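Student: The structure's right below; bear with me while I get my questions together.
The values are calculated or read from the model by the stated rules, or taken from the named source; none is laboratory data. Please read all numbers here as calculations on a predicted model, not as lab measurements. Ideal geometry is used to build each Cβ from the backbone, glycine not excepted, and the neighbour counts take in all protein chains shown.
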Amino acid sequence: MNTKKNTVPALLFVVTILVTGSCKKGYEPQLPPVTRQIQFELFTSHDFSKENDSISFTVFIAHQGNQPVWDSALAPMTLKDIPHLPQKWVVQKTLTGDTAVLKAGFRYEIKNVGHAGISDTLSAATHFKIISFDFN
């Protein structure tokens, strides 16, 4: 009868050690994902008040080699409707988990004239970047 009394606590002790030990096995702390924010600003310091040509802007983020990560088209407008600095348009984009070197900027197309753009590079260590575009 004494062996039954000793066997149950010993068995519980062994099970507790095995369960506790197996829970910690291979544990690696999880780091929070890297967050990067890019702020796009569009404005003009030029007087386009008499210009009625149509223009379309797109903001974009791409990996090296121009592989798209994200882009967004702004509403088409006339040149005279591009805001001045106090009324600048601001678009913010947050990327989570992407630590690659990135290229970000603006592309634009003026109807019946042509297209162009500006861009800047974000190193892997850059967590916040402002891309400010003074359209002239």
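Student: Name the residues in segment 92-108 that are surrounded by fewer than 16 Cβ atoms within 10 Å (Cβ to Cβ) and within 19 Å of F57 (Cα to Cα), would you?
Tutor: Hit for segment 92-108 is Q92, nothing else.
Student: Kindly indicate the residue of segment 29-70 that is under 12 Å from the mean Cα position of the chain (by Cα) and β-branched (V, I, T) and also farthest from G114 (Cα to Cα) among those meeting that condition.
Tutor: If we take residues in segment 29-70 being under 12 Å from the mean Cα position of the chain (by Cα) and β-branched (V, I, T), then V34 is farthest from G114 (Cα to Cα).
Student: In addition: Of the numbered conditions (1) under 23 Å from F128 (Cβ atoms); (2) without any contact (Cβ under 8 Å) to a residue 60 or more places away in the chain, F43 satisfies every one except a single condition; which is it?
Tutor: F43 satisfies every listed condition except (2).
Student: Another one. Report, by residue number, each residue of segment 102-113 that is of a type outside the set (K, R) and at pLDDT below 95.
Tutor: Listed by number, the residues that qualify are N112, V113.
Student: Answer yes if at least one residue in segment 123-134 is assigned to a strand (DSSP E or B), within 26 Å of N52 (Cβ to Cβ) and not charged (D, E, K, R), and no otherwise.
Tutor: yes
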